[in-house]
Amino acid sequence: MEKKIGKNDPCWCGSGNKYKFCHLGFDEKIEEFRRNGHKVPPRKIIKTPEQIEQIKLSCKVNIAVLDYVGEHIKAGMSTEDINRMVHEKTLQLGGIPAPLNYNGFPKSVCTSINSQVCHGIPSEKDILADGDIINVDVSTIYNGYFSDSSRMYLIGEVSEEKKKLVQVTKECLEVGLQQVKPWGFLGDMGQAINDYAKKNGYRVVREIGGHGVGLEFHEEPWVSYVSRRGREMVMAPGMIFTIEPMVNMGTDEIFIDEDDDWTVYTADGAPSAQWEIMVLVTEEGYEVLCY
Ligand code: MF3
Ligand code: CO
């Protein structure tokens with residue numbers, strides 16, 4: 001239960017408006033969902049318009065860094081070269097790379113090639129080769145606000161099989177997005193993504209999901225892509241979360257590298273792809289903040 005506020009008190013959202021003219025109706029809706037047994041968002045993950053403006057500035061940097069990577073990435077480059085590009089470009093734009101030292105992560109970006117599912121650690125030893133597919137996952141702190149998005153890059157001539165995986169994974173975001181609307185459920189989005197991946201013969205990783213983001217790197221809710229329609233947290237205006245399914249060509253089983261404790265691999269060595277966007281739930285539907 002959240003703290004009770006008088007109708008004429010200032011709203012908890014910080015707008016300065018009276019509660020009755022601001023989030024009272026919102027809270028009543030939330031209460032109704034709660035009574036009906038649904039998971040509801042805590043107030044602290046509902047962003048104010050001012051916070052959303054700040055988060056958008058962070059996203060602008062994140063997008064510019066991903067664009068920069070896209071302009072320079074090529075065969076023969078090491079993933080450490082990508083790390084250097086991301087680190088320098090982020091600083092140049094006034095940001096801080098969020099992954100660096102996050103829970104002990106040693107680099108400024110995650111780079112995951114082929115059968116690496118996510119959280120790959122850049123290294124001088126990992127050289128991009130013709131035919132590789134790679135996810136570059138960039139996260140930025142700008143003026144204290146967090147952004148997080150990732151893209152796939154094709155290196156040289158990539159097989160039709162892998163190209164399709166990358167394309168279908170991107171389409172998963174689109175079908176997921178169509179389910180984002182106020183007072184829907186995160187499970188509507190999760191199931192749409194899962195169904196679409198399966199229809200194309202792929203499997204979605206179960207153990208790793210998306211997350212709320214903006215005021216912190218990882219906030220509530222945890223976002224699954226193996227969830228069911230009508231389940232999981234209610235989507236309310238002001239929530240910001242990532243859509244970032246990891247889609248495997250083969251088995252959905254994964255393992256974590258025992259030596260570095262970070263890199264996630266597919267258990268069968270088959271390729272995996274991931275795209276990540278940040279989405280804001282609005283009164284009308286959604287707004288993509290970071291792609
Ligand atoms: N960008 C990743 C995510 O989507 C961050 C992983 S944590 C890190 O959650 F330390 F590896 F960067
Ligand atoms: Co993320």
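Every read-out reported here was derived from the displayed coordinates using simple, explicitly stated rules and does not represent laboratory data. All values derive from a computational prediction rather than experimental measurement. Cβ atoms come from the backbone with ideal geometry, glycine included; neighbour counts cover every protein chain shown.
Its Cα centre serving as origin, the chain has a Cβ charge dipole (Lys and Arg +1, Asp and Glu -1) of approximately 1340 debye. Extension gain for T282 to K18 (0.36 nm times residue separation, less C-alpha to C-alpha distance): 93.0 nm. Distance from the Cα centre of segment 245-291 to that of segment 95-156, in angstrom? Rounded to whole Å, the Cα centres lie 12 Å apart.
So, counting K/R as plus one and D/E as minus one, what does the shell of residues with Cβ under 10 Å around M278 add up to? Taking every Cβ under 10 Å from that of M278, the sum is -3. Spin-label model, E161 to K3: label points 7 Å out along the Cα-to-beta-carbon direction sit 5.9 nm apart.
Debye-formula intensities of the chain, expressed as log10 I(q)/I(0) at q = 0.15 Å⁻¹, are -1.12 (one equal scatterer per alpha-carbon, no solvent).
Most tightly packed first, judged by the mean number of other beta-carbon atoms within 10 Å of their residues, the peptides 271-284, 90-103 read 271-284, 90-103.
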